[in-house]
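Chemist: Okay, here's the structure, questions in a sec.
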Amino acid sequence: MRRIIVAGNWKMNKTNQEVTDFFTQLKEEIKSLNLNNVSPIIAPPFIYLQNAQQIANDTEIKLSAQDISEHDFGAYTGEVSAPMLKSINVEYSIVGHSERREYHNEIDMQVGIKAQKLIDNGITPIICVGEKENEREMGMTESVILSQLKLIFDEMKAVDPTKIIIAYEPVWAIGTGKTATPHMAQEVHKIIRQWLAKNISNEAANQIPILYGGSVKPDNFEELLSQKDIDGGLIGGASLKIDDYMSLLNTATKISK
Ligand code: PEP
């Protein structure tokens, strides 16, 4: 049975005090949940990782970065690398988020290089793929996703399915309030799983969690999670409010029983 992952992507939000307040409250409220097979992950901006981690230290809450450099160390002003994350025991990092692709011109090959850097440092990449609105309208969703997967995984060495997460995030659904219907999301998740079976291994297809992201809210999460191939969410806006995030965790624990 694959675990259910409730991953919050905070993007460029919150002050240090707000981070402290959120994690302190989350740490307290999470005690009332039987998390079983549910993994809470939060990706705050880099500068808050250590503060958040100290608060979450003895809990099930894990920390993720939102991106990393393709390089390990050196003259790359403003960047943060996988070995640096490893040195502060961060366990996850998002790579290939559509905002990185759009505003920083990131391409699939770089996403694959970054994912491999993370794996080399014992960090689990949360690899994002997803089609744009015009691509969906032109009936290109499947070909876009398959091409992204190929180009990303071409840059990766032997794949350990226990150390990879994939997130399907249709770009048109991110931060827009438009959610893919559970059926639309399930169709793409199934395509991703079939691709993994054919091109990586059956083990990878069975074990790699595939998250859905794009305007996930407390009121649509249950239906999304009830789809066969949806193993959790990568959640932006709704992960910023403690009540919403707790509600998402609650739903996940209900489904995992
Ligand atoms: C995201 O940031 O990955 C995301 C899915 O955002 P939102 O939930 O706000 O659409």
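Chemist: Roughly how many debye, to the nearest 20, is the charge dipole of the chain about its Cα centre, given +1 on each Lys and Arg Cβ, -1 on each Asp and Glu Cβ, and no other charges?
Modeler: Working: 26 positive and 34 negative charges, 96 e Å.
That gives a dipole near 460 debye.
Chemist: Could I ask something else about it? Please report how far the C-alpha centroid of segment 132-159 lies from that of segment 1-16, rounded to the nearest whole angstrom.
Modeler: 23 Å
Chemist: Could you pull out the trypsin sites (Lys or Arg not before Pro) across segment 101-202 that fall in loop regions by DSSP (anything but H, G, I, E, B) with no more than 13 other Cβ atoms inside 10 Å? The partial results should precede the final answer.
Modeler: Working: sites: ARG101, LYS114, LYS117, LYS132, ARG136, LYS150, LYS157, LYS163, LYS178, LYS190, ARG193, LYS198; in loops: LYS132, LYS157, LYS178.
Hits after loop and neighbour filter: LYS157, LYS178.
Chemist: Next up: Among GLY177, GLY139, GLY236, which one moves the most in a GNM of the chain with springs linking Cα atoms closer than 10 Å?
Modeler: The residue with the greatest mean-square fluctuation here is GLY139.
Chemist: Which whole-number percent is the relative contact order of the chain (Cα, under 8 Å, 6+ apart)?
Modeler: Numbers: 484 pairs, mean separation 56.3, N = 257.
Taking the mean separation of contacting Cα pairs over the length of the chain, I get 22 percent.
Chemist: List the longest stretch of the chain that has no exposed loop site; here a site is one of the chymotrypsin sites (Phe, Trp or Tyr not before Pro) assigned by DSSP to anything other than H, G, I, E or B, with at most 12 other Cβ within 10 Å.
Modeler: On the way: sites that count: PHE73, TYR76.
With a cap of 12 other Cβ atoms within 10 Å, the longest stretch comes to 77-257.
Chemist: Would you mind checking which residues have amide H under 5 Å from VAL95's amide H? H placed 1.01 Å from N; only 5 or more apart, or other chain.
Modeler: So VAL95 has HN proximity to ILE126, ILE127, CYS128.
Chemist: Considering the options SER39, PRO83, HIS71, tell which one lies farthest towards the positive end of the dipole of the chain, charges being +1 on Lys and Arg and -1 on Asp and Glu at the Cβ, about the Cα centre.
Modeler: The Cα lying farthest towards the positive end belongs to SER39.
Chemist: Distance between Cα centroids, segment 45-62 to segment 203-245: provide it in whole Å.
Modeler: Segment 45-62 and segment 203-245 have Cα centres spaced 21 Å from each other.
Chemist: Let me ask you something else. Take every Cα pair under 8 Å in segment 159-224 that's 6+ residues apart, average their separations, divide by the length, and report that relative contact order as a whole percent.
Modeler: Working: 76 pairs, mean separation 34.0, N = 66.
Once divided by the residue count of segment 159-224, the mean separation gives 52 percent.
Chemist: Answer with one residue from CYS128, ALA204, MET140: the one whose Cα lies farthest towards the positive end of the charge dipole of segment 4-256, charges on Cβ with Lys, Arg +1 and Asp, Glu -1.
Modeler: Value computed over the given set: ALA204.
Chemist: Classify the chain as rounded, prolate or oblate, taking a ≥ b ≥ c as the square roots of the eigenvalues of its Cα gyration tensor: rounded when a/c is under 1.5, otherwise prolate if a/b is larger than b/c and oblate if not. Please report the intermediate quantities before stating the final value.
Modeler: On the way: a/c = 1.44, a/b = 1.10, b/c = 1.31.
Here the chain falls in the rounded category.
Chemist: List every residue whose amide H lies under 5 Å from the amide H of ILE41, counting only residues 5 or more places away in sequence or on a different chain, with H placed 1.01 Å from N in the peptide plane.
Modeler: VAL6, ALA7, GLY8, LYS62
Chemist: Please compare each pair in LYS157/LYS178; LYS14/LYS62; LYS14/LYS132; LYS157/LYS198; LYS62/LYS190; LYS190/LYS217 to a cut-off of 25 Å on the Cα-Cα distance and tell me which ones are over it. Intermediate results must be reported in sequence, preceding the final value.
Modeler: Working: LYS157/LYS178 36 Å; LYS14/LYS62 18 Å; LYS14/LYS132 28 Å; LYS157/LYS198 16 Å; LYS62/LYS190 27 Å; LYS190/LYS217 22 Å.
Checking Cα-Cα distances, LYS157/LYS178; LYS14/LYS132; LYS62/LYS190 exceed 25 Å.
Chemist: Apply the Karplus curve 6.51 cos²θ - 1.76 cosθ + 1.60, θ = phi - 60°, to the phi angles in segment 124-138 and return the couplings in whole Hz, x for Gly and Pro.
Modeler: 7, x, 9, 8, 9, 9, x, 8, 7, 4, 5, 5, 5, 4, 8
Chemist: Here is a further query. Before rounding to the nearest 500, sum -39500 (n - 2.57) across all DSSP H runs of length at least 4 in the chain and divide by the residue total; then give [θ] at 222 nm in deg cm²/dmol.
Modeler: So the helix-based figure for the chain works out to -12500 deg cm²/dmol.
Chemist: Between the alpha-carbon centers of segment 107-121 and segment 75-95, tell me the distance in whole angstrom.
Modeler: So the two Cα centres are separated by 12 Å.
A short reminder: the numbers here are calculations on the coordinates, not readings from a lab. Fair warning: this is a prediction, and the values are worked out from it, not measured in the lab. For neighbour counting, all protein chains shown are included, and Cβ atoms are generated from backbone atoms with ideal geometry for every residue, glycine included.
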